[in-house]
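The values are calculated or read from the model by the stated rules, or taken from the named source; none is laboratory data. Predicted, not measured: the structure shown is a model, and the values here were computed from it. Neighbour counts are summed over all protein chains in view; Cβ atoms, including those assigned to glycine, are modelled from backbone coordinates with ideal geometry. In case anyone asks, the SASA skips ligands and DNA or RNA and just uses the protein heavy atoms, side chains included. Shrake-Rupley method; radii C 1.70, N 1.55, O 1.52, S 1.80 Å.
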Amino acid sequence: MGLTHLFKEFFSSEKSSGFILIACSVFAITITNTSWGDQYLHIWHTAIGNHTAEYWINDGLMTIFFLLVGLEIERELYIGELSSLKNALLPVAAAAGGMFVPAAIHLSLNAGTATQGGAGIPMATDIAFALGVLSLAGSRVPPALKVFLTALAIIDDLGAILVIAVFYSHGFSWLYFGLAMGIFALLLVFNRLKWNNLLLYLIPGTAMWYCMLNSGVHATISGVLLAFAIPFGDGGEKSPSYILQHLLHKPVAFIIIPLFALANTGIHLQPGFQHSLTSRNSLGIFLGLYLGKPAGILMMCWLALKLKWCSLPEGINRKHLLGAGFLGGIGFTMSIFITLLAYTDAPLVVNSKIAVFLTSVIAGLTGYFILRTAKRTAQTLP
C-alpha cells in the first residue's frame with residue numbers, strides 16, 4: 001500500500017511527538033514530587049493578562065492543535081482513508097465501538113454520582129502516543145495498520161470534539177455564539193469564492209476563537225470549524241489546506257503538545273494516592289480505556305466484517321486489530337483535556353489524571369507486546 005508524502009510526514013511527526021510526550025510527562029510528574037514541585041507548578045499558574053499560563057495553553061494553544069486535527073480530518077474525508085465508503089467503514093465502526101463501550105462502562109459505574117460527568121474521559125485516543133508506541137513494533141506492523149489506527153484515532157478525535165461541544169460547554173451566550181457562527185459563515189463564503197489567501201481565514205479565525213471563548217462553547221471548537229472553512233482544493237502542495245497543515249505539523253508535535261503535557265501532568269502524588277485507584281471514577285477510567293476500548297473496537301470490526309460492510313485491509317490479521325485496540329486505550333492528551341472540562345474539584349482532577357496516565361501506560365505496553373508477537377499474514381475475522 002502506497003503512503004502519501006503528507007501521511008508519512010504526519011506519521012513521522014506524531015511518532016516523534018509521542019516519545020517527547022512520554023518524556024515530558026515523566027519529567028513533569030517527577031519534578032512535581034520533589035522539593036522543586038511547588039516552584040514548578042507555580043510556573044503554570046503564573047498570570048498572563050487575566051488568566052494563567054496553563055489556561056492559555058489549554059484554551060489558546062490547544063485550539064491550534066484542534067485546527068491541525070480538523071485539517072487532518074478534512075484531508076481524510078476528501079482524499080484519504082475516509083474518502084471511500086468501503087475503506088472508511090472499518091475505522092469508523094471501530095472508532096464508534098471504541099467510544100461508546102468505554103463511555104458506557106464509566107457511566108455504568110458512576111451514574112447518579114458526582115463523577116458521572118466523566119463518562120467522556122475514556123472515549124478518546126491520543127494519536128501521538130498511540131503512533132509512537134506503534135512505531136516501536138517496527139516491521140511487524142503492516143502499513144495498512146498504520147493507516148487504520150491513524151484513521152481510527154482521527155475519527156475518535158472528531159467524536160471527542162463533538163462530545164466537548166455538546167456536553168462540556170458552560171455559561172452559554174447566544175450573542176457570542178451567533179457572532180462566532182457569523183464569522184464561520186463568512187469564511188465559508190470566502191471558500192466558495194475560491195479566495196486562497198490564508199490570512200483571509202486566519203485573522204477572522206482568531207476573532208471567531210475569541211467569540212467562541214466567550215460563548216460558553218469550548219474555544220478549541222473554533223479550530224475545527226476554521227479547518228473546514230480553509231479551501232482544500234485538489235489537496236496538492238499548493239492548496240491552502242496542505243500548506244497550513246504542513247506548517248503546523250512540527251510546531252504542534254514538538255511545542256504545543258509537549259507544553260500541554262508539561263502543564264497538565266504535574267501530578268502531586270499524596271501519601272495513600274493508590275487508594276483513589278479503586279474509586280468508581282478511577283475504575284471507570286481504567287476499565288473504559290483498558291478493556292472497553294479494545295472490546296468496542298474488536299466487536300464493531302467483527303460486526304462490520306460479518307455483515308460484509310467492508311473488508312479487512314491487506315496484511316492485517318486478528319492479532320493486529322487486538323494490538324491496535326489496546327493502543328486505542330491510550331487516552332492521555334485528549335482524556336486529560338476532557339478531565340479538565342468535566343471536573344472542577346482539584347483532588348478529583350488529580351486522581352483522574354493518575355488513572356488516565358497509568359492506564360495509558362499499561363494499555364500502550366499491552367498493545368506493543370501484542371504487535372511485537374504478531375505475524376504479518378492475512379487472517380480474516382470469523
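Brief remarks on what is shown
- Gaussian network model of the chain, Cα within-10 Å springs - most flexible of Ala124, Ala229, Ala53: Ala53
- Heavy-atom surface of the range 14-166, accessible at 1.4 Å and reported per residue (Å²): 38
- Taking Phe100, Phe167, Phe66 in turn, the Gaussian network model of the chain (Cα-Cα springs below 10 Å) assigns the largest fluctuation to Phe167.
- Label-to-label distance, Val189 versus His42, with points set 7 angstrom from Cα along the beta-carbon direction: 5.2 nm.
- About its Cα centre, the range 42-194 has a charge dipole of approximately 340 debye under the convention of +1 per Lys or Arg Cβ and -1 per Asp or Glu Cβ, with nothing else charged.
- The convex hull defined by the C-alpha atoms of the range 259-361 has an orientation-averaged projected area of 8.2 nm².
- Accessible surface, 1.4 Å probe, highest first, among residues Glu314, Glu72, Glu237, Glu54: Glu314, Glu237, Glu54, Glu72
- Apolar share of the accessible surface for the chain: 68 percent from carbon plus sulfur atoms, 1.4 Å probe.
- Heavy-atom accessible area per residue - the range 176-317, 1.4 Å, Å²: 47
- Along its first, second and third principal axes, ordered by size, the range 98-250 spans 48, 47, 22 Å in Cα coordinates.
- Euclidean distance of C-alpha centroids, the range 32-66 and the range 203-233, integer Å: 22
- Dmax and Rg, reported as Rg then Dmax, of the range 187-270 (C-alpha, Å): 15.9, 58
- Kirkwood radius for the range 191-232, taken over all pairs of different Cα atoms as the inverse mean of 1/r, rounds to 10.6 Å.
- When peptides 126-134, 301-309 are ranked by their average number of other Cβ atoms within 10 Å per residue, the highest-first order is 126-134, 301-309.
- Candidate residues Ser108, Ser352: accessible-area rank, largest first, probe 1.4 Å: Ser108, Ser352
- Candidates Ala229, Tyr210, Ile370 compared by Cα position along the dipole of the chain: farthest toward the positive end lies Ile370, with charges placed on Cβ.
- Report note on the peptides 336-349, 29-42: ranked by the mean count of other C-beta atoms within 10 Å, highest first, their order is 336-349, 29-42.
- Directionally averaged projected area (convex hull, Cα atoms, the chain), nm²: 18.7
- The separation of the range 280-333 from the range 127-170, counted between C-alpha centres, amounts to 11 Å.
- For the range 39-122, the extents of the C-alpha atoms along the principal axes are 52, 38, 20 Å, listed from largest to smallest.
- Since only Gln116, Ala304, Leu199 are under comparison, the one whose Cα sits farthest along the positive direction of the charge dipole of the chain, derived from C-beta charges on Lys, Arg, Asp and Glu, is Ala304.
- Alpha-carbon geometry of the range 310-359: the Rg and the Dmax are 15.8, 48 Å, given in that order.
- Given charges at beta-carbon only (K, R positive; D, E negative), |dipole| of the chain in Debye: 1120
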